[in-house]
Each structure stands twice: as C-alpha cells, then as structure tokens.
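S.K.: What follows is a structure written as structure tokens; I'll ask about it next.
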Amino acid sequence: MKIILLGAPGAGKGTQAQFLTKAFDIPQISTGDMLRAAIKAGTELGKLAKSFMDAGKLVTDEIIIGLVKERITEDDCKNGFLLDGFPRTIAQADALKEAGVAIDAVIEIDVPDSEIVSRMSGRRAHLASGRTYHVVYNPPKVEGKDDITGEELVQRDDDKEEVVLDRLRVYHEQTAPLIGYYTAEAENNSAVKYIRIDGTQPIDTVQTTILSALK
Ligand code: AP5
Ligand code: ZN
C-alpha cells in the first residue's frame, strides 16, 4: 500500500500516520522528520534546511526529491510506504510520477486555518521519533514526557504563531494545488483513491473514517 497524506501544517498528518503505519505495516516517510533529524545531527543538509524551516518556507524541490527517491528504495519500503509532508509542490508530485511510483490512495485531511494556530500552540513533540501530542486534545500519559521512551517533549521551533501563519500561506500557495492534481488523477485512474476527511473531528474518529474509506 502506497499512501500520500495531504493537509495543511497541523492538520494531523503525523498523528494519523502513527495509526496508519501500524494498520498497514508500512514505514512513515515524513520529510519534515527527516529534515529535523538532519538538523539535530548537524549535517550539511540540516544546516541548509534550518533557515528555510525556521522561516516557514519550503526547502528546495531538488533537495527534497533526492531525499525521498533515495528513501523509497530502502528495504523496508518493499511493501509500500506512507508519505507524510511529501509531495508538497506540483514539481515534487511530477517527480514521484516520473519515478514510476504507483500511489494507491491520497488522503486529504481538511482543517480550516482558524483551528490550526491553536493546535500548533498546544503541540508537543518527541523529535527523535516524530511522535506528536497536544496538551489538551492528545495529552501524553505523563505531562511533558513521551509515552514510549519517557523522554522530554519539546515545542517545535516552527510552531511560533508568526511562523505558523507563514507556513499556512506557503501551504495555500504551493501545496493546496495538489488537491486538484490528485482529484484529477483519481478521476482518470481507477487504481487511485482520493479520500477527503474532515480533520476537525476527534483524533480517533478521523482514524476510523480513514480506515473505513481505505477498505
Ligand atoms: P512538516 O514537518 O511536514 O510540517 P507540516 O506539514 O507543516 O505539518 P506538521 O508536522 O506541522 O503538522 P501535522 O499535519 O503532522 O500535524 P500533527 O499530527 O503534528 O514540515 C516542516 C518543514 O519542513 C516545512 O515547513 C518545510 O520547511 C520543510 N519540509 C518538509 N517537507 C517538505 C517538502 N516535501 N518540501 C519542501 N520542504 C519541506 O498535529 C498537530 C497538532 O494537532 C498536534 O498537537 C496533535 O496532537 C493535534 N491534533 C492532531 N489531530 C487532531 C484532531 N483531530 N483534533 C485535535 N487535535 C489534533
Ligand atoms: Zn507532521
């Protein structure tokens, strides 16, 4: 199963990815998590990506496409994968198509901008695993600690309100056109499912709605 998760920053892509990867036994490929890991490791890629991410801008297509193309050839991707945060531009979607990747489903998680800012201010993340929580909507078992490792949760650098507003602007300009791109794809190719989900519902309702739509 090859799935694309589409949605604005804070729509709940990472949250739903945690369930979906377990349900279908496929790895989560989050370009955002990969870039944050590179920043933490202090690699050249990390140094380059940090200024873009802190400003809420997209990292260049060339870098991201190279990163994903390499990742999807790894062994654990043989039975499929879940793309979280990629593609994010028409150029990235075209590159995926040109690489011969046959997508089974595109899931759009739809949340209005007005709800995004409050979600981001309450988000806490375990950067090493990419697991995210919310102080109100999805609290960890122990305040401030990751459920699995017990390690400290942090706020992401790009979750400051002014950066969130920039990320939303970038989403509408550069990523939202993918909604039309993939709806058209699903209309022309019966092997591709396009699923739109109301992401303002509670986390477990979003999860069950996605699972039943995929069956
Ligand atoms: P990335 O890490 O991909 O960030 P994003 O797309 O902005 O999305 P987020 O991770 O912020 O949100 P999410 O949808 O995963 O939401 P979550 O589940 O955490 O990218 C970061 C940066 O990296 C980009 O700005 C860019 O610079 C760069 N980058 C990455 N990919 C790139 C690419 N392909 N090309 C170029 N640049 C790229 O949920 C959010 C919060 O809401 C959490 O607190 C959660 O608990 C809560 N929540 C989730 N669902 C619900 C619900 N149903 N009800 C209530 N609360 C909920
Ligand atoms: Zn995410």
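The values are calculated or read from the model by the stated rules, or taken from the named source; none is laboratory data. Quick caveat: nothing in here was measured; it's all calculated off a predicted structure. Methodologically, a virtual Cβ is constructed for each residue, glycine included, from the backbone with ideal geometry; neighbour enumeration extends over all protein chains shown. What goes into the accessible areas is simple: the full protein's heavy atoms, side chains included, and nothing from ligands, DNA or RNA. Shrake-Rupley method; radii C 1.70, N 1.55, O 1.52, S 1.80 Å.
S.K.: Can you tell me the mean projection area, over all orientations, of the convex hull of the range 1-137's alpha carbons? Units nm², please. Intermediate results must be reported in sequence, preceding the final value.
M.R.: Details: hull surface 33.6 nm².
Its average projected convex-hull area is 8.4 nm².
S.K.: Scan around S30 for amide H atoms under 5 Å from its own, H built in the peptide plane at 1.01 Å from N, and keep only partners 5 or more places away or cross-chain.
M.R.: Sorted by chain and number, the residues that satisfy this are D84.
S.K.: Starting at the first residue of the range 190-198, write each ³J(HN,Hα) from the Karplus equation 6.51 cos²θ - 1.76 cosθ + 1.60 with θ = phi - 60°, in whole Hz, x for Gly and Pro.
M.R.: With the stated coefficients, the range 190-198 comes to 5, 7, 9, 9, 10, 10, 9, 10, 6 Hz.
S.K.: Let me ask something else. About the Cα centre, and with charges only on the beta carbon of Lys, Arg (+1) and Asp, Glu (-1), how big is the dipole of the chain? Nearest 20 debye, please.
M.R.: On the way: 26 positive and 34 negative charges, 48 e Å.
For the chain, the charge dipole is close to 240 debye.
S.K.: Can you give the helix-only mean residue ellipticity at 222 nm for the chain, where every DSSP H stretch with n ≥ 4 adds -39500 (n - 2.57) and the sum goes over all residues, rounded to the nearest 500 deg cm²/dmol? If you can, show how the numbers build up before the last one.
M.R.: Numbers: 9 runs with 97 residues, N = 215.
Rounded to the nearest 500, it is -13500 deg cm²/dmol.
S.K.: About its Cα centre, what dipole magnitude does the range 126-215 give when the only charges are +1 on Lys and Arg Cβ and -1 on Asp and Glu Cβ, stated in debye to the nearest 20? List each step's numbers first, then the result.
M.R.: On the way: 10 positive and 16 negative charges, 83 e Å.
Using only the charged Cβ atoms, the result is roughly 400 debye.
S.K.: Additional query: Skipping prolines and chain starts, which residues have an amide H placed within reach, meaning under 5 Å, of the one on K193, given they are 5 or more residues away or on another chain?
M.R.: Result for K193 returns A105, V106.
S.K.: Taking R0 as 25 Å, what's the FRET efficiency between K47 and K69 from their Cβ-Cβ distance, rounded to 0.05?
M.R.: Efficiency computed from Cβ-Cβ geometry: 0.70.
S.K.: While we're on this one: What does the charge count around P27 come to, taking other residues whose C-beta lies under 13 Å from its C-beta (Lys +1, Arg +1, Asp -1, Glu -1)?
M.R.: On the way: positive: K2, K22, R71, K78; negative: D25, D33, E74, D75, D76, D84.
Its environment carries a net charge of -2.
S.K.: Further, regarding this structure: In the structure displayed, which of K193/K215; K47/K69; K78/K215; K57/K160 lie more than 19 Å apart, Cα to Cα?
M.R.: Distance filter (> 19 Å) returns K47/K69; K78/K215.
S.K.: Something else: Run the quick spin-label model on E161 and A23: label points 7 Å from Cα toward the beta carbon, then report their separation in nm to one decimal.
M.R.: 3.5 nm
S.K.: Report the one residue of Y181, T208, N138 whose Cα lies farthest in the direction of the positive end of the charge dipole of the range 122-215 (charges on C-beta: Lys and Arg +1, Asp and Glu -1; origin at the Cα centre).
M.R.: With unit charges placed on the Cβ atoms, the residue in question is T208.
S.K.: Once the convex hull of the C-alpha atoms of the range 62-207 is built, how many Å³ does it hold per residue, rounded to a whole number?
M.R.: Per residue, the Cα convex hull of the range 62-207 comes to 145 Å³.
S.K.: Turning to a different aspect of this structure: Indicate the gyration tensor shape class of the range 153-215 (rounded, prolate or oblate), computed on the Cα atoms with a ≥ b ≥ c the square roots of the eigenvalues: a/c under 1.5 is rounded; otherwise a/b larger than b/c is prolate and the rest oblate. The partial results should precede the final answer.
M.R.: On the way: a/c = 3.26, a/b = 1.41, b/c = 2.30.
Here the range 153-215 falls in the oblate category.
S.K.: Explain nothing, just compute: Karplus ³J(HN,Hα) = 6.51 cos²θ - 1.76 cosθ + 1.60, θ = phi - 60°, for every residue of the range 203-209 in order, whole Hz, x for Gly and Pro.
M.R.: Taking θ as phi minus 60°, the curve returns 3, 6, 5, 4, 4, 5, 5 Hz for the range 203-209.
S.K.: Something else now. Would you mind telling me the share, in percent, of accessible area of the range 1-130 contributed by carbon and sulfur at probe 1.4 angstrom?
M.R.: 53 percent
S.K.: How much accessible area per residue does the range 1-128 have, counting only protein heavy atoms and a probe of 1.4 Å, in square angstrom? Kindly include the intermediate steps, with their values, before the conclusion.
M.R.: Numbers: 5650 Å² over 128 residues.
In whole numbers, the range 1-128 has 44 Å² accessible per residue.
S.K.: Next up: How large is the accessible surface per residue of the range 163-215, computed with a 1.4 Å probe and reported in Å² as a whole number? Mind dumping the intermediate values first?
M.R.: Working: 2880 Å² over 53 residues.
On a per-residue basis, the range 163-215 sits at 54 Å².
S.K.: On a 1.4 Å probe surface of the protein chains, which of V154, V106 comes out largest in accessible area, and what is the full order? Display every interim value, and only then the final one.
M.R.: On the way: V154 55, V106 0 Å².
Output order, biggest surface exposure first: V154, V106.
S.K.: Can you say what percent of the DSSP beta bridges in the chain, counting only those with both residues inside, are antiparallel? Round to 5.
M.R.: Numbers: 7 of 25 bridges.
Around 30 percent of the beta bridges assigned by DSSP in the chain are antiparallel ones.
S.K.: Still on this model: Which FRET efficiency value, to the nearest 0.05, do you get for D147 and K97 by plugging their Cβ-Cβ distance into 1/(1 + (r/R0)^6) with R0 = 30 Å?
M.R.: Values: r = 37 Å, r/R0 = 1.25.
Efficiency at R0 = 30 Å is approximately 0.20.
S.K.: Apply the Karplus curve 6.51 cos²θ - 1.76 cosθ + 1.60, θ = phi - 60°, to the phi angles in the range 146-160 and return the couplings in whole Hz, x for Gly and Pro.
M.R.: Using θ = phi - 60°, the values come out as 5, 4, 7, 9, x, 6, 4, 8, 10, 8, 5, 4, 8, 9, 5 Hz.
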